[in-house]
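Following: one structure in C-alpha cells, then a few remarks.
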Amino acid sequence: MNTLADAWSWLTTAANWSGDGGIWQRLGQHLFLTVVCLLISCLIALPVALVLGHLGRGGALAVNVSNIGRAVPTFAVLVLLLLTPIGGHGEWPTVIALVLFAVPPLLTNAYVGMREVDRDVVRAARGMGMTGRQLMLGVELPLALPLILTGVRIAAVQLVATATLAALAGGGGLGRIITAGFNLASTAQVVAGAVLVAVFALIVEGLFEAARLLVPGRLRGGGSG
Amino acid sequence: MTAPPDDCLARNEWLCGAYLSSRREILWDAVVQHLQLTAVSVLIGLVLAVPLALAARHRRWAAGPVLAVTTILYTVPSLAMFSLLLPVYGLSASLVVAGLVLYSLTLLVRNILAGLRAVPEETRQAARGMGYGPLRLLLAVELPLALPAAMAGLRIATVSAVSLVTVGAIVGHGGLGNLIYSGMNTYFKAQVLTASVLCVVIAVAADLLLLLAQRLLTPWTRRQS
C-alpha cells in the first residue's frame with residue numbers, strides 16, 4: 001500500500017507537527033473544543049435532567065430529544081449556524097453546534113438513570129424523612145451515576161466527531177488536516193489526518209472505559225448505549 | 001439595461017419560493033441520490049449484520065471480537081471514516097456507501113444480538129420439545145421474537161445514515177449534502193435551509209415507514225400494550 005507509506009511519511013515529517021496549522025496546534029484546538037463543550041453541555045443538561053427525573057416530568061421530551069438529535073444532520077447545523085449572524089464570530093458556530101449535539105445523550109441517559117432508581121428505595125428514603133433535595137442528591141443521583149456517566153461518554157465521543165466535522169464549515173480542530181488534504185488533492189495527508197482523528201476518538205473512548213473499570217463495581221453501568 | 005430582479009433569490013432570504021420552483025430538478029436529483037445512498041448502505045449493512053449477529057449468538061468466542069470491532073468502527077468520526085476509505089475507493093459513491101455500511105453494521109449487529117439474547121430460554125426449550133430443529137427454531141421462533149429489537153436498530157441505523165450521507169459532500173457524493181456544501185461556499189441561504197429541512201423530512205419519513213412496517217410484521221406486540 002503506497003498510500004499508507006506516504007501517509008506514514010507525512011505523519012513522521014517534523015514540519016507537519018509544528019507551526020501554524022500544524023498537528024500540535026490542531027490537536028490542541030480539538031482537545032480544547034471537546035473539553036470546554038463537554039463542560040458546557042454537562043452544566044446545561046445534567047441539572048435539567050436531574051430535576052426532571054426527580055420530579056418524573058417531561059419524560060417524553062427528555063427521551064425523544066435523542067431521536068431528534070439523530071435525525072438532524074450535524075453538517076447541516078454547522079453550515080446553517082455559519083450563515084447566520086453568529087457565523088461572523090470565530091469559533092462560536094462550532095461551539096454552539098457541538099453543545100447542541102452533546103446535550104441529547106446527556107439529557108436522555110441522566111433522565112432514564114434517575115427514573116430507573118428502584119421505587120422501593122425512593123419510598124424508603126421518603127419514609128426516613130428525607131427532603132426532596134436530600135433524596136435527589138443523596139439517593140437518586142448516586143444510584144443513577146452509571147447511566148449518567150454512560151451519557152457523558154457518548155457525549156464526549158459525539159463531541160470529537162462533531163469537532164472533526166466542523167472543519168468542513170471552516171472550524172478548527174484535527175478535521176482541518178483532512179479538509180486541507182482534500183484541497184491539496186493529497187491522499188496521503190487525508191489518510192494521515194483521518195488516522196489522527198480516529199486515534200484521538202478511540203483514546204477518548206478508551207479513557208472513559210478505563211475510568212469505568214476503575215470505579216467501584218456497583219457504579220459500573222452497561223458497556224454500550 | 002434592465003434592473004436586477006428584486007425577488008427573494010436576489011435578496012438571499014432563508015425562505016424562498018422562487019428557489020423551490022427554479023431549482024426543482026436539482027433538488028429532486030439530490031433527494032433521489034440521498035435516498036439511493038441511504039437505502040443501498042442500510043440494505044448491505046443488514047445483509048452483513050444478520051449472519052454476524054447469529055455467529056456472535058451461537059459461537060461464544062465470536063461475540064467479543066464482533067462487538068469490539070463494531071464498537072471501534074462506531075467511535076471513528078464520519079469524516080475520518082470516509083477519509084480512511086479514500087485510498088480504497090477514490091472519490092466515488094462507493095466510498096460513501098462503504099462508510100455508511102460500516103456504521104449501520106454496528107447499530108444493527110448490536111440490536112439484533114440484543115434481540116436474540118432476549119429470547120427466553122423456556123421458549124427455546126419448548127420449541128425444541130415440540131420437535132423443532134435448529135433451522136426451524138431460528139426461523140420460526142428466535143428471529144420473529146428478535147424482530148422488535150432488530151427493527152429498533154434498523155430505524156436508528158436508517159435515520160443515522162440519512163444524516164451521515166450529507167458528510168459525503170466532501171467527496172462530491174453527499175445527496176442533499178452537496179447542496180449544503182455548495183450553498184455554504186456561495187453563501188446561498190435558501191439552498192442550505194431547503195436541503196437541511198429536506199434531510200430531516202427524509203429521516204422522519206423513513207423512521208415512520210419503518211415503524212409502520214414493524215407494526216405490520218409483529219402484530220403480537222400490539223395486543224400486549
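Observations
- Filter result for B:Arg128 (over 24 Å from A:Gly69 (Cα atoms) and among the basic types (Lys, Arg)): yes
- B:Leu211 being within 17 Å of A:Arg70 (Cβ to Cβ), modelled with pLDDT under 95 and more than 7 Å from chain A (Cβ to nearest Cβ): yes
- The residue of segment B:78-99 that is surrounded by the fewest Cβ atoms within 10 Å (Cβ to Cβ), among those that are more than 20 Å from the chain's Cα centre (by Cα), more than 7 Å from chain A (Cβ to nearest Cβ) and of a type in the set (A, V, I, L, M), is B:Val88.
- Annotation note: Cβ proximity below 9 Å between a residue of segment A:198-210 that is farther than 16 Å from A:Gly175 by Cβ and a residue that is surrounded by 14 or more Cβ atoms within 10 Å (Cβ to Cβ) and of a type in the set (Gly, Ala, Ser) (sequence gap 6+ or interchain) occurs for A:Glu205/A:Ala156; A:Leu207/A:Ala156; A:Phe208/A:Ala156.
- Yes/no for A:Ile68 being within 14 Å of chain B (Cβ to nearest Cβ), assigned to a helix (DSSP H, G or I), without any contact (Cβ under 8 Å) to a residue 24 or more places away in the chain and not hydroxyl-bearing (Ser, Thr, Tyr): no
Condition check ((1) under 26 Å from B:Val167 (Cα atoms); (2) part of a helix (DSSP H, G or I); (3) not hydroxyl-bearing (Ser, Thr, Tyr)) across all residues:
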residue	(1), (2), (3)
B:Asp7	no, no, yes
B:Trp14	yes, no, yes
B:Leu20	yes, yes, yes
B:Leu27	yes, yes, yes
B:Val32	yes, yes, yes
B:Ala39	yes, yes, yes
B:Leu46	yes, yes, yes
B:Pro51	no, yes, yes
B:Leu54	no, yes, yes
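- Within segment B:177-194, considering residues that are over 24 Å from B:Thr38 (Cβ atoms) and at the interface with another protein chain (Cβ under 7 Å from one of its Cβ atoms), the one surrounded by the fewest Cβ atoms within 10 Å (Cβ to Cβ): B:Tyr187
- Some residue of segment A:29-51 being part of a loop (DSSP other than H, G, I, E, B), more than 14 Å from chain B (Cβ to nearest Cβ) and surrounded by fewer than 15 Cβ atoms within 10 Å (Cβ to Cβ): no
- Segment B:103-119, residues that are touching a residue at least 40 places away in the same chain (Cβ under 8 Å) and among the hydrophobic types (A, V, I, L, M, F, W, C): B:Leu105, B:Leu107, B:Leu108, B:Val109, B:Ile112, B:Leu113, B:Leu116
- Filtering B:Ala68, B:Ala80, B:Ala161 for residues that are modelled with pLDDT of 95 or more, within 30 Å of A:Ile177 (Cβ to Cβ) and of a type outside the set (Lys, Arg) leaves a single hit, B:Ala161.
- Among the residues of segment B:27-67, those identified as within 21 Å of B:Pro134 (Cα to Cα) and among the small types (Gly, Ala, Ser) are B:Ala49, B:Ala53, B:Ala55, B:Ala56, B:Ala62, B:Ala63.
The values are calculated or read from the model by the stated rules, or taken from the named source; none is laboratory data. These figures come from a predicted structure and were not determined experimentally. All Cβ positions, glycine included, derive from the backbone under ideal geometry; neighbour counts span all protein chains shown.
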